[in-house]
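Trainee: I have a structure here, written as structure tokens, and I will follow up with some questions on it.
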Amino acid sequence: MSLTVKETAESSFEPIPEGTYSAVCHLLVDLGVQHNKAFDNSSRKVMLGWLIPEETYVNKEGFEVPRAMYATYTASIGKKAKLRSLLASWRGRDFTADELEAFNLRNIVGAPCLMNIIHTDGKDGKTYANIAGVMRLPKGMPPAKLATDPIIFDLDEDPLENINLLPDWIADKIRDSETFMDKAAAEAKAEAEGKASEQTPSPYEELAEGEEELPFD
């Protein structure tokens, strides 16, 4: 897709406490066309991620880093789309007619916000942190800033091998998409045809032993 247009990553941690936090968007990933088994339909999905600087943990390398929240949306800003509602609340206004023609989601990466987090109980008996709302920062409130490079991945524009740079659990979601499988199959076919072409010698490049090259004059 062109990027114009449930928290699962930290399930081994205690959920982020309920409340309102200053956050900053650090991740925008095109998940491709995903099939929904429950409704037996498919739609293009996009994942957003936010860092919450005041909530931290120690990573595998021993560094203290911000906790993160993630949410997946249908890649649409139609009237009833959840992504449009989220972005309107975040921006503090709805979209203009011109913006609805082509809104570049890359613009939200690095953007600060206020995030409201609530807890819900899952069917597995565990408590999960969920995003209840994303809002524009009040005037005068210092914005959270990115301390690391942002993560952006577009299935239509980026090489497929770039998914290896993403967290494994996100990369696995992309590999399950119809978009990834179609693109991977097309690339494999093109590579196979390219190798076949390379292995077929051109009659104009190889001459029989003892044969002289014919002049063109």
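The values are calculated or read from the model by the stated rules, or taken from the named source; none is laboratory data. Not measured: the values here are computed from a predicted model. We place every Cβ from the backbone using ideal geometry, glycine too, and count neighbours over all the protein chains shown.
Trainee: For the stretch 158-174, give me each residue that is under 16 Å from Arg44 (Cα atoms) and under 11 Å from the mean Cα position of the chain (by Cα).
Mentor: Result: Ile170, Ala171, Lys173, Ile174.
Trainee: Could you look through the stretch 176-211, keep only residues that are in a loop (DSSP other than H, G, I, E, B) and of a type in the set (A, V, I, L, M), and pick out the one that is modelled with the highest pLDDT?
Mentor: Residue satisfying both the conditions and the ranking: Ala208.
Trainee: Of all the residues that make up the stretch 109-124, how many are in a loop (DSSP other than H, G, I, E, B) and either in contact with a His (Cβ under 7 Å, 6 or more places away or on another chain) or buried (at least 16 other Cβ atoms within 10 Å of the Cβ) (or both)?
Mentor: 2
Trainee: Write out, first by first residue and then by second, each pair whose Cβ atoms fall under 7 Å of each other, whose residues are 6+ apart or on separate chains, and whose first residue, in the stretch 77-97, is of a type in the set (Phe, Trp, Tyr) and in a loop (DSSP other than H, G, I, E, B) while the second is surrounded by fewer than 16 Cβ atoms within 10 Å (Cβ to Cβ) and at pLDDT 90 or above.
Mentor: Matching pairs, first to second residue: Phe95/Ala88.
Trainee: Moving on. Given (1) in a helix (DSSP H, G or I); (2) surrounded by fewer than 10 Cβ atoms within 10 Å (Cβ to Cβ); (3) of a type outside the set (A, V, I, L, M); (4) modelled with pLDDT of 90 or more, where does Lys173 come up short, assuming only one miss?
Mentor: For Lys173, the failing item is (2).
Trainee: Let me ask something else. Any idea which of (1) in a loop (DSSP other than H, G, I, E, B); (2) farther than 15 Å from Asp30 by Cβ is the one Val134 doesn't satisfy?
Mentor: Among (1) in a loop (DSSP other than H, G, I, E, B); (2) farther than 15 Å from Asp30 by Cβ, Val134 violates only (1).
Trainee: Filter the stretch 73-101 for residues that are within 25 Å of Leu146 (Cβ to Cβ) and of a type in the set (Gly, Ala, Ser); which is surrounded by the fewest Cβ atoms within 10 Å (Cβ to Cβ)?
Mentor: Gly92
Trainee: Step by step: first the residues of the stretch 98-108, then only those that are of a type in the set (D, E, K, R) and either closer than 21 Å to Gly32 by Cα or not in a helix (DSSP H, G or I) (or both), then the one that is modelled with the lowest pLDDT. Which residue is that?
Mentor: Checked the stretch 98-108; the qualifying residue modelled with the lowest pLDDT is Glu101.
Trainee: Additional query: Mind listing whichever residues of the stretch 1-26 are at pLDDT 55 or above, part of a strand (DSSP E or B) and in contact with a helix residue (DSSP H, G or I) (Cβ under 8 Å, 6 or more places away or on another chain)?
Mentor: Across the stretch 1-26, the qualifying residue is only Cys25.
Trainee: Right, here's the next one. Give the residue, chosen from Val46, Val65, Val33, that is more than 19 Å from the chain's Cα centre (by Cα) and part of a strand (DSSP E or B).
Mentor: Testing whether each residue is more than 19 Å from the chain's Cα centre (by Cα) and part of a strand (DSSP E or B) leaves just Val65.
Trainee: Here are some residues: Thr127, Thr148. Which one is touching a His at 6+ places or on another chain (Cβ under 6 Å) and of a type in the set (S, T, N, Q)?
Mentor: Thr127
Trainee: Being modelled with pLDDT under 90 and in contact with a helix residue (DSSP H, G or I) (Cβ under 7 Å, 6 or more places away or on another chain) is the filter here, so list the residues in the stretch 27-54 that pass it.
Mentor: none
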